[in-house]
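Okay, structure first, notes after.
The values are calculated or read from the model by the stated rules, or taken from the named source; none is laboratory data. Keep in mind that this is a model prediction, so the values were computed, not measured. Backbone-built Cβ (ideal geometry, glycine too); neighbour counts: all protein chains shown. We work out accessible area using only protein heavy atoms, side chains counted, and drop any ligands, DNA or RNA first. Shrake-Rupley method; radii C 1.70, N 1.55, O 1.52, S 1.80 Å.
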Amino acid sequence: MSKQYAGIAWAETGYRVEVLDDAGRRVAEPSSWGGGRVAELIAWLRELGDDEAPAVVLDSTNGLLDGPMTAAGLEVYRADPWLLPPRPRFGSVTAGQLAEQARTAPGALARVTAESGTLAGRAEEYFEGVRRGEPGRAALTEAGRCFDHGRRDTPRVALTFDDGPDPVYTRQVVEILERYGARATFFCVGHHVVALPDEVRRIHAAGHELGNHSWSHPFLPDLTAQELRDQLDRTAEELDRLTGRAPTWFRPPYGSLTPEVLAALDGHPTTVTMWDVDARDWSRPGPEQIAATVLEGAGPGSVVLMHEGAGDRGQTVQALPSIIEGLLERGLELVTVGELAATAAPTDGA
């Protein structure tokens with residue numbers, strides 16, 4: 001049976017898909033999909049193959065599709081910049097170029113799984129980049145432009161949710177928070193904001209805070225300084241258009257703060273927001289484990305990282321009531337990042 005490769009490119013308003021077989025023939029006509037139609041796209045890909053769906057090929061500037069596609073059992077690969085032709089300033093290389101790269105040199109691609117996460121094969125590079133960025137990050141924290149946690153003597157915790165909005169899980173998370181009178185911060189990706197404006201309005205109307213999480217969730221070191229700023233600025237513009245307020249908090253995808261990324265952020269009107277408790281819910285270890293991880297790690301001043309978009313977040317939704325109840329039982333108030341930061345965290349790590 002002929003192997004099929006589905007290259008998926010991203011642009012401002014959605015995805016473009018081209019599917020080739022291993023002889024370079026088109027399996028189907030190129031198609032376009034809005035950012036809110038990922039579930040439909042997955043179903044379409046599954047229907048293309050008689051016995052096996054096409055292998056999906058993304059590039060490192062698209063961190064939004066590997067989660068839902070690996071969760072759906074699709075075979076997913078990443079093509080890195082050195083394998084591809086130059087891309088446009090805003091967007092990935094074309095879908096055809098991604099499919100062709102997979103067809104002609106499949107062994108050069110990185111296999112992405114639910115267990116490995118998006119950065120499969122580049123973990124060493126990632127950690128080395130973060131290590132090199134530590135002095136710059138410390139300086140940014142000292143200047144009040146990077147926030148990791150609040151004061152440890154203040155009984156407040158900020159729950160944060162990344163990668164949304166999502167057509168299914170956002171409203172479930174908002175409803176649970178409302179049930180307990182809790183407020184949170186949602187770090188949104190522009191690609192989903194433009195596709196799902198009503199979900200953004202839902203978050204805003206419920207009194208939660210909106211943060212910036214880039215446009216396409218790229219691996220930031222692979223962007224030029226201008227490309228990085230474009231990702232932030234376009235997301236901020238969309239959020240401002242929908243809510244009347246531009247976000248002041250920016251969470252870098254994967255927390256990737258290399259010296260080069262920090263230099264690109266220099267002078268940008270945003271405050272970098274990190275975390276001190278990682279729920280690791282992206283790996284879907286089970287709702288009980290997600291809740292245990294948060295409750296074991298969180299305390300006064302904590303910023304908790306969770307996700308409600310770009311994947312199957314059902315376990316996060318299931319874990320959320322136990323997390324909230326556990327924190328409230330300790331007398332911890334659940335607030336936004338902005339409210340937590342208002343009591344200025346000390347810079348000595350206290």
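Net charge within 12 Å of A28 by Cβ-Cβ distance, Lys/Arg positive one each and Asp/Glu negative one each, not counting A28 itself?
-2
Which whole-number value in Å² is the accessible area per residue of the chain, probe 1.4 Å?
40 Å²
Could you tell me how far the Cα centroid of the stretch 95-122 sits from the Cα centroid of the stretch 62-77, in Å?
So the two Cα centres are separated by 11 Å.
Ignoring ligands, DNA and RNA, please state the percent of accessible area on the chain from carbon and sulfur, probe 1.4 Å.
Working: 6790 of 14160 Å².
C and S atoms contribute 48 percent here.
Could you tally the net charge around I324, taking each other residue with its Cβ under 13 Å from the Cβ of I324, Lys/Arg +1 and Asp/Glu -1?
Net charge in that neighbourhood comes out at -2.
What angle do you read, to the nearest 10 degrees and between 0 and 90, between the alpha-carbon axis of helix 38-48 and the longest principal axis of the chain?
Here the helix axis deviates by roughly 20 degrees.
For A108, put the label point 7 Å out on the Cα→Cβ axis and report which residues of the stretch 45-67 keep their amide N under 19 Å from it.
55-62
Identify the trypsin sites (Lys or Arg not before Pro) of the stretch 1-110 meeting these criteria: DSSP loop state and at most 13 other C-beta atoms within 10 Å of the C-beta.
Values: sites: K3, R16, R25, R26, R37, R46, R78, R89, R103; in loops: K3, R25, R37, R89.
For trypsin sites (Lys or Arg not before Pro) across the stretch 1-110 that sit outside H, G, I, E and B with at most 13 neighbouring Cβ atoms in 10 Å, the list reads R25, R89.
Tilt of helix 225-243 relative to the longest C-alpha principal axis of the chain, in degrees (0 to 90, nearest 10)?
Around 70 degrees separate the two axes.
List the GluC sites (Glu not before Pro) within the stretch 83-159 that DSSP assigns to loop and that have no more than 11 neighbouring Cβ atoms inside 10 Å.
Here the GluC sites (Glu not before Pro) that fit, given the DSSP loop and packing criteria, are E115.
Summing Lys, Arg as +1 and Asp, Glu as -1, what charge do residues with Cβ under 10 Å from the Cβ of L196 carry, L196 excluded? Please list the in-between numbers first.
On the way: positive: R201, R202; negative: D166, D198, E199.
It works out to a net charge of -1.
Once you've got the GNM for the chain with C-alpha springs shorter than 10 Å, pick whichever of P86, P300, P285 has the biggest mean-square fluctuation.
It is P86.
Taking 0.36 nm per residue of separation and subtracting the Cα-Cα distance, what length does fully extending R89 through E339 add? Before the final figure, lay out the partial values.
Numbers: separation 250, 0.36 × 250 = 90.00 nm, distance 3.55 nm.
Answer, rounded to one decimal: 86.5 nm.
Along the charge dipole of the chain, Cβ charges K/R +1 and D/E -1, which of T270, G129, H208 sits furthest on the positive end?
Comparing the listed Cα positions along the dipole, T270 ranks first.
What FRET efficiency, computed as 1/(1 + (r/R0)^6) with R0 = 45 Å and r the Cβ-Cβ distance, is obtained for R330 and L48, rounded to the nearest 0.05?
Values: r = 51 Å, r/R0 = 1.13.
About 0.35, to the nearest 0.05.
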